[in-house]
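Before any comments, here is the structure.
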Amino acid sequence: MAISKEQLISDLAEAVDAPKAQVRALLEHLSEIVSDALENSDEITLPGIGKLKVTARPARSGRNPQTGKTIEIAAKNVVKFVPAKALTDALN
């Protein structure tokens, strides 16, 4: 089951003994900082969690599953998540 934004805010507020409104504002600012950094092709390292970085995905051929026809998929930038070793070790 996925954790919701509200549950994350509640858990963080309880863990650091802070008001939920303050934690909500902090998460919104974090989102803006990450978006701005990724737009500038910077990497974001979240200690103990992982790294977010932008990678270029080249143009490629694909197949339309409904018709079976070959289509061209345009090149684009995507966000890639690389988990930290600590997170990987915790899961295994």
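Derivation of every value follows stated rules applied to the coordinates shown; laboratory data play no part. On a predicted model such as this, the values are computed, not experimentally measured, just so you know. Neighbour counts are summed over all protein chains in view; Cβ atoms, including those assigned to glycine, are modelled from backbone coordinates with ideal geometry.
Couplings for the stretch 5-16, taken from phi via the Karplus curve 6.51 cos²θ - 1.76 cosθ + 1.60 with θ = phi - 60°, read 4, 5, 5, 4, 4, 4, 5, 5, 4, 5, 5, 9 Hz in order; Gly and Pro are left as x. Placing pseudo-labels 7 Å out from each Cα toward the beta carbon at ILE33 and VAL54 gives an inter-label distance of 1.9 nm.
Computed over the stretch 1-40, the P(r) tail beyond 15 angstrom holds 46 percent of alpha carbon pairs. Sequence-ordered 3J(HN,Hα) estimates for the stretch 85-92 from the Karplus curve with 6.51, -1.76 and 1.60 and θ = phi - 60° stand at 4, 4, 5, 4, 5, 5, 7, 9 Hz, glycine and proline given as x. Straightening the chain between LYS80 and ASP42 buys 12.5 nm, computed as 0.36 nm per residue apart minus the Cα-Cα spacing.
Each peptide in 36-46, 64-74 gets a packing score, the mean of other Cβ atoms within 10 Å over its residues, and the list from highest to lowest is 36-46, 64-74.
Taking N as the residue count of the chain, its C-alpha radius of gyration divided by 2.2 N^0.38 Å amounts to 1.51.
Quick one: net charge around ARG24, please, counting Lys, Arg +1 and Asp, Glu -1 for every other residue with C-beta under 14 Å from its C-beta. Net charge around ARG24: -3. Evaluating 6.51 cos²θ - 1.76 cosθ + 1.60 at θ = phi - 60° for every residue in the stretch 38-45, the Karplus couplings come out as 5, 5, 8, 6, 8, 9, 10, 9 Hz, glycine and proline recorded as x. If R0 is 41 Å, the Cβ-Cβ spacing of GLU72 and GLU14 corresponds to a FRET efficiency of close to 0.25.
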